[in-house]
Ligand code: WT7
């Protein structure tokens, strides 16, 4: 134990330089940093030049209407053509694009030629529904090939997709469908989760009740479960798509044509529809996938374990890898179905060489034990990645030792739904990696750590992470809410024109960046962003709750866990009432309102909440309680005895 603590403290000094072999063959070289500095726009033009454009751009960056960026203005391209057709035209039609593995054990290998046929059919099908470029399509699907096909079919037609994570509640789906005014929703009958089939279509029906904006619901058959059916609105995917011709000519769209909207939690109760467009997004998705993962088409077998419902799935399952002609694994299910060796069995079976996952899962693998991966042949792995939250040095080292045989580079990649693609990361083959640090902005990207006034902090000091230059895959706005876009990201350092990321960070003595977590009321649970306000709103919508305050408390596996403090309405669950039952009901209520990922780990029924004189809840004090710490400074509380009251109420009843 003492040794562990010591090695943790020393972690900043540990450094893992790339092997000579890796460095010699790597896609990235140290010269990239200089190239990008000496001619930033030229650098990005060169990256964009790796894509296929139907018409060239006139200007690399138009920042005249900042913070609304335009990249590659006047350029025209088709995103799906870039991800599929051109590889087939280049003679790679027989290369496997997707090794798909279903949770129950079924599998499919899909070549680029087959993917082209499927995407073309699906595009013809969506056109037949009367959808035209600019229309929005919502997609709530499990990790089945049709999810990727549907996204690419939308991209091919210039339809803006809005993918909603399969674990989100009907209420969450409804608000997203409404906000984007989606004309069509694509879903499935059900989804496999931990070995059994759970309904999906039923939830979609609930979400869409009396929502006239949705004209059609297209249903993929996955689990074979019976589903309710609305005649005239609902269509089976196989009836609609299978009969379509496999030829479809892709039309080129403007570089700034909206590609997708993806909702993410902010500091208020209402999720933000983050808007991404085409040319700049695809440029940075492909560039980062190539240099950060050192990806080689036709040689590597790549696997990103994210769900397509999150930005990681959009950029590093769909757009980046396919633009780069990757052969990738897509796995439908949970990592412990049917057993805890599932991922390693898949790595062995397909010879996965690049594996990208989240710290929460790495810590879960640690808990399950090193003997599990040790039973498999993982020698194909040559690069590992991490994303979603800060990775603690122990987890980093365990990952390298037990999954990476003590030799593979690890890339700790920092980015956000808003940034669209990786922004800060070591470059494999170039950077000497430090466990726990994302290290340095990528070539072409500007990031710095600043104080309250926007001045850069000194080495060894901490502050706020900002991005000081526009980047190609940056969000182009919040759907329907330009003011919120300015307020949220651009108002904090308005004079300097910096993008405020919402993360705390520090420089170490070498000037490398260490991410320290969110500085706003956003929690990070298993790499998923959840707003405290959203969970509080869900709680107070329950009839027994008068008031609620939610904090993210540190958790050894999930990074942060949701802890809620709730004041019961008088006459409901009294202080000695049936608390266990009341708490269980509230947890279920939150899951129903938002989704199971938002279920609080702990709900504490308290008599009061700590508030300042102006009525603001002091979450800092509640975090102290949730993390079992001595409660901090209470002098700004309107009533300083409240914390005593809360703590005494938490003592187990005799
Ligand atoms: C937030 C963005 C980007 C894909 C997944 C999450 C945190 C992300 C790291 C990292 C430390 C990280 C930040 C960020 N985050 N990657 N490598 N080290 N923190 O996307 O849901 O938009 O969340 O995730 O706090 O702001 P997201």
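Bear in mind that the values in this text are calculations on the coordinates, not laboratory data. A quick note: this is a predicted structure, and the numbers were derived from the prediction, not measured. Please note: Cβ atoms are built from the backbone with ideal geometry, for glycine as well, and neighbour counts cover all protein chains shown.
Stokes-Einstein at 10 °C, 1.306 mPa s, Kirkwood radius from Cα pairs: D for the range 443-568 in µm² s⁻¹? Before the final figure, lay out the partial values.
On the way: Rh = 16.6 Å.
The Stokes-Einstein estimate is 96 µm²/s.
Which ordering of 310, 53, 303 is given by a fewest-first count of other beta-carbon atoms within 10 Å?
Working: 310 22, 53 17, 303 27.
So the ranking, lowest neighbour count to highest, is 53, 310, 303.
Would you mind ranking 120, 641, 541 by Cβ crowding within 10 Å, fewest neighbours first?
Numbers: 120 24, 641 10, 541 13.
Ascending number of Cβ neighbours within 10 Å: 641, 541, 120.
In whole Å, largest first, what are the principal axis extents of the Cα atoms in the range 429-509?
43, 30, 19
Rounded to whole Å and sorted largest first, what semi-axes of the equivalent ellipsoid does the C-alpha gyration tensor of the range 179-301 yield via the square root of 5 times each eigenvalue? Show your work: numbers first, answer last.
On the way: eigenvalues 185, 92, 74 Å².
Over the Cα atoms of the range 179-301, the semi-axes work out to 30, 21, 19 Å.
Evaluate the Debye formula for the range 56-168 with equal point scatterers sitting on the alpha carbons, no solvent, and hand back log10 of I(q)/I(0) at q = 0.10, 0.17, 0.20 Å⁻¹, in q order, two decimals.
So the normalised log intensities work out to -0.39, -0.96, -1.13.
Calculate for the chain the 222 nm mean residue ellipticity that helices alone would give, adding -39,500 (n - 2.57) per DSSP H run of length 4 or more and normalising by residue count, nearest 500 deg cm²/dmol.
Taking each H run of at least 4 residues, the total per residue is -8000 deg cm²/dmol.
Sorted by average packing, counted as other Cβ atoms within 10 angstrom per residue and highest first, what order do 445-457, 348-360, 627-639 take? The partial results should precede the final answer.
Details: 445-457: 17.0, 348-360: 21.6, 627-639: 11.9.
Put in order of decreasing packing, that is 348-360, 445-457, 627-639.
Cβ neighbours within 10 Å, averaged per peptide: list 423-430, 213-220 in order, most packed at the top.
423-430, 213-220
Considering all alpha-carbon pairs of the range 499-603, what whole percent are spaced by more than 16 angstrom?
Working: 3250 of 5460 pairs.
It works out to 60 percent of all Cα pairs.
Can you give the Kirkwood hydrodynamic radius for the range 1-137, in Å, rounded to one decimal and based on Cα pairs?
Numbers: mean 1/r = 0.0492 Å⁻¹.
Here the Kirkwood hydrodynamic radius works out to 20.3 Å.
How large is the convex hull of the Cα atoms of the range 109-171 per residue, expressed in Å³ as a whole number?
Spread over its residues, the Cα hull of the range 109-171 gives 78 Å³ apiece.
Provide the descending list of Cα extents for the range 464-533 along its principal axes, expressed in whole angstroms.
42, 30, 21
When only C-alpha pairs under 8 Å and at least 6 residues apart count, what is the relative contact order of the range 179-247, in percent?
Numbers: 97 pairs, mean separation 23.7, N = 69.
Over the range 179-247, the number comes to 34 percent.
Could you sort 293-300, 222-229 so that the peptide with the highest average Cβ count within 10 Å comes first and the rest follow in order? Present the calculation step by step, with values, prior to reporting the outcome.
Values: 293-300: 18.6, 222-229: 15.4.
Per-residue mean Cβ counts within 10 Å order the peptides as 293-300, 222-229.
So what is the relative contact order of the chain, in percent, for Cα pairs below 8 Å that sit 6 or more residues apart? Could the numbers behind the result be given before it?
Values: 1413 pairs, mean separation 84.6, N = 654.
Computed over the chain, the figure is 13 percent.
For the range 384-459, what is the convex hull (Cα atoms) projected area averaged across all directions, in square nanometres?
Numbers: hull surface 24.3 nm².
The orientation-averaged projected area of the Cα hull of the range 384-459 comes to 6.1 nm².
Rg over Rh of the chain, using C-alpha atoms and the Kirkwood radius, what does it come to?
On the way: Rg = 24.6 Å, Rh = 25.7 Å.
For the chain, the value is 0.95.
Kindly provide the pair-distance distribution of the range 93-144 built from C-alpha pairs, with 5 Å bins from 0 and whole-percent values in order of increasing distance.
Per 5 Å bin, starting at zero, the Cα-Cα P(r) for the range 93-144 comes out as 4, 16, 17, 21, 20, 14, 7, 1 percent.
Based on the alpha carbons, how large is the Rg to Rh ratio for the range 140-249 when Rh follows Kirkwood?
Values: Rg = 13.5 Å, Rh = 14.3 Å.
Rg/Rh for the range 140-249 comes to 0.94.
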